[in-house]
Structures are given as structure tokens and as C-alpha cells.
Amino acid sequence: MLKLDHLTLAAPGFRLTANLTLPQGARTAIIGPSGAGKSTLLNAIAGFTAPQSGRILWQGQDITATEPGQRPVTILFQDQNLFPHLTLERNLALGLAPDGRLTPDIRARVEQALHRTGLHGLGPRKPAELSGGQQGRAALARALLRARPLLLLDEPFAALGPALKQDMLALVAEVAEETGATVLMVTHDPQDAKRFAGSTILVADGTAHPPHDTASLFAHPPKALADYLGQGGS
């Protein structure tokens, strides 16, 4: 269970509060206007942004002051976090060893992850030799290797076309199902939320609101969401 306990994130001209709980294994979308704090919220959970006050708890343990590398978190950004000078297999090996060593055991696990994500045979290639969809699959393969119980997605597939993005979301769902991960996904696309997430967090007006059933939220959007979607007041 992930709990944001009276969390406050603040910077000059910016303030966001969150007081909410997500059950283990939840698939949750985060949606709201640009600049509302969606990415900031993920960065706080990952440990890259320190809260002004409040706590972040995972399975009852306070991780608010835990270093990012020690948190039970994998985060995927829009740029996929792939090192351009390393081969794909060495990029994936970083999910298992900080120095990216390819021991026989690690190589076997990397090859299994590549096969699982449809990248079999592409291990020797560098990221620039891969398509956008292949880079997205590589980032997911590394997440699969890390097997952390919290998977945070900061619009990693935003630049992909609709069909490919749908394929990637389906793959994320499969990975989450296999690993039992709790997934939080920032998106600007209501259709992504409807397809992928059972619950949705609306971030608007300085608040990350508690998760709400996705279908119900979009069927009867509060004013802040209706305004964001261009539907007027409700």
C-alpha cells in the first residue's frame, strides 16, 4: 500500500498537497492541467523532490527520507532513460548491477527480458539504432528486470502513435500483472486512463485528489476536470 500522508510539495509560485492511499497492485492514472504538479508528484514518490511536509509510506514504512536508489521504485520518463553510448543489453544490465556488468547470469536474465518484450536479437544495438517503440520496450524490459513493486510512468509513450502507444500500455499491464507492481501513470490522454487504469488521481488547483474510479470520474467529471477536458462546468 502506498500512502501520501498530508504531503505538501512547494516551490516558488507552486504548491501541491496530497493525502491519499493506493492499494498494492493498483493501476492508477494521474491527469490534470499542465503545470499542476503531476510529474512533481511522481518525482516526490521516487525521491527526486523533497516534500515541504508530510510523509510517503510504502507498506507502512516511512520512505520520505530514503535515497532514490534505495526506494522500491522504478520510474520511466519520456526520454526512456537509456544511455546512448551503451548497447541495449548493457542498458538493461544496469537494472541488475550498478556497473552494468554482463556476467553469465545477468546476460541470461537480460536476454530473457529482451525476448519477453519483443526485442530478441537486438541486445548489441545502441539506442539510436532502435525505433521509438523499441526504445519504449527496452525501458520496460529494464523495469521488468528491476522488479520493483512501484512503477511510475511519466508519459514515456507520449511521442508514439495511437496504435503503438496502446500496444505499449498493454505491455505495461502485462508486466504489472506478472510482477504485482503498483503503477502510477501520468497522462494527458483520457483514453489512456480509461484503457489502462482502474482508478484516476486528478491533480488540479493545488491538490492531488484521492483516486476515483476512472469510468465514473470521466462520466461525471468535477469542474476542474471538465474544464481541462474542454467540457465546460459540471
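Numerical summary
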quantity	calculated
For region 147-234, projected area of the alpha-carbon convex hull averaged over all directions, nm²	6.2
Student exercise, region 1-70 dipole from Lys, Arg, Asp, Glu Cβ charges, in Debye to nearest 20	200
Kirkwood-Stokes translational diffusion coefficient of the chain, alpha-carbon pairs, 10 °C, 1.306 mPa s, µm²/s	87
Percent breakdown of C-alpha pair distances by 10 Å bin, ordered from the shortest bin, for region 1-69	20, 55, 24, 1
26 Å Cα-Cα reach of Lys38 towards lysines, excluding residues that sit fewer than 8 places from it in its own chain	Lys3, Lys165, Lys194, Lys223
Cα Rg, Dmax, region 149-200, angstrom units	10.3, 28
Cβ crowding within 10 Å averaged over residues, with 8-17, 169-178 ranked highest first	169-178, 8-17
Between 0 and 90°, nearest 10: helix 104-116 axis offset from the chain longest Cα axis	60
The chain: calculated mean residue ellipticity at 222 nm from DSSP helix runs of at least 4, using -39500 (n - 2.57)	-10000 deg cm²/dmol
0 to 90° range, to nearest 10: angle between helix 132-146 axis and the chain longest Cα axis	90
Dipole in debye (nearest 20) - region 1-121, about Cα centre, beta carbon charges: Lys, Arg +1; Asp, Glu -1	220
The chain, relative contact order in percent, only Cα pairs under 8 angstrom and at least six apart counted	28
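Rule-based calculations on the coordinates, nothing more; no lab input. All of these numbers come straight from a predicted model, not from anything done at the bench. Please note: Cβ atoms are built from the backbone with ideal geometry, for glycine as well, and neighbour counts cover all protein chains shown.
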